[in-house]
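The values are calculated or read from the model by the stated rules, or taken from the named source; none is laboratory data. None of these values were measured; they are calculated from a predicted model. As a convention, Cβ positions derive from the backbone with ideal geometry for all residues, glycine included, and neighbour counts pool all protein chains shown. Calculation scope for accessible area: heavy atoms of the full protein, side chains included, ligands and nucleic acids excluded. Shrake-Rupley method; radii C 1.70, N 1.55, O 1.52, S 1.80 Å.
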Amino acid sequence: MNTKATPRPAAPEAQETYIVSEGKKRGSTRDVRPESAIDRYYTVLRVHAGDAILTDNWHSNEVLSHARNNFEGYTFVMRTLEAWGVVIENDHRAHYIAGGRVWVLDLEPCEGKENRLPGAGAGRK
């Protein structure tokens, strides 16, 4: 019996860079890390100043409020956070520079896209 085995499709070549299509660095290229081959999702639990002592003024309050309203409670793909300039330190912490200050994002890894956490961001006091 003469059966021809169908060759298995070749594994895709490793991508070295990708073009950012979202966020504040739109159109730039980024290096691709091995872990970005699989979409990883993170929920931003909290945005805060970390160990920094904030000056209580209009600018600091506005930037912190903006960062909280746009990050806290939302689930993002790792690539999207990085496109916006977030540097992920580990699975539970990242930092983001906005308004000349470094803001700390407390993260929680999750399986996929989730609805916004209740009580986070805009409705928060």
Matching option when the condition is surrounded by fewer than 16 Cβ atoms within 10 Å (Cβ to Cβ), free of Cβ contacts under 8 Å to residues at least 40 places away in the same chain and not in a helix (DSSP H, G or I), among ASP56, ASP39: ASP56
Is it the case, given these coordinates, that VAL20 is open to solvent by less than 50 Å² (accessible area, probe 1.4 Å) and either at pLDDT 90 or above or in contact with a His (Cβ under 8 Å, 6 or more places away or on another chain) (or both)? no
Subset of segment 59-74 that is more than 16 Å from the chain's Cα centre (by Cα) and either hydroxyl-bearing (Ser, Thr, Tyr) or in a loop (DSSP other than H, G, I, E, B) (or both) - its residue that is surrounded by the most Cβ atoms within 10 Å (Cβ to Cβ): SER60
Are any residues in segment 76-87 surrounded by fewer than 18 Cβ atoms within 10 Å (Cβ to Cβ) and part of a strand (DSSP E or B), and if so, which ones? VAL77, VAL87
For segment 63-77, indicate whether the set of residues that are at pLDDT 85 or above and of a type in the set (D, E, K, R) is non-empty. yes
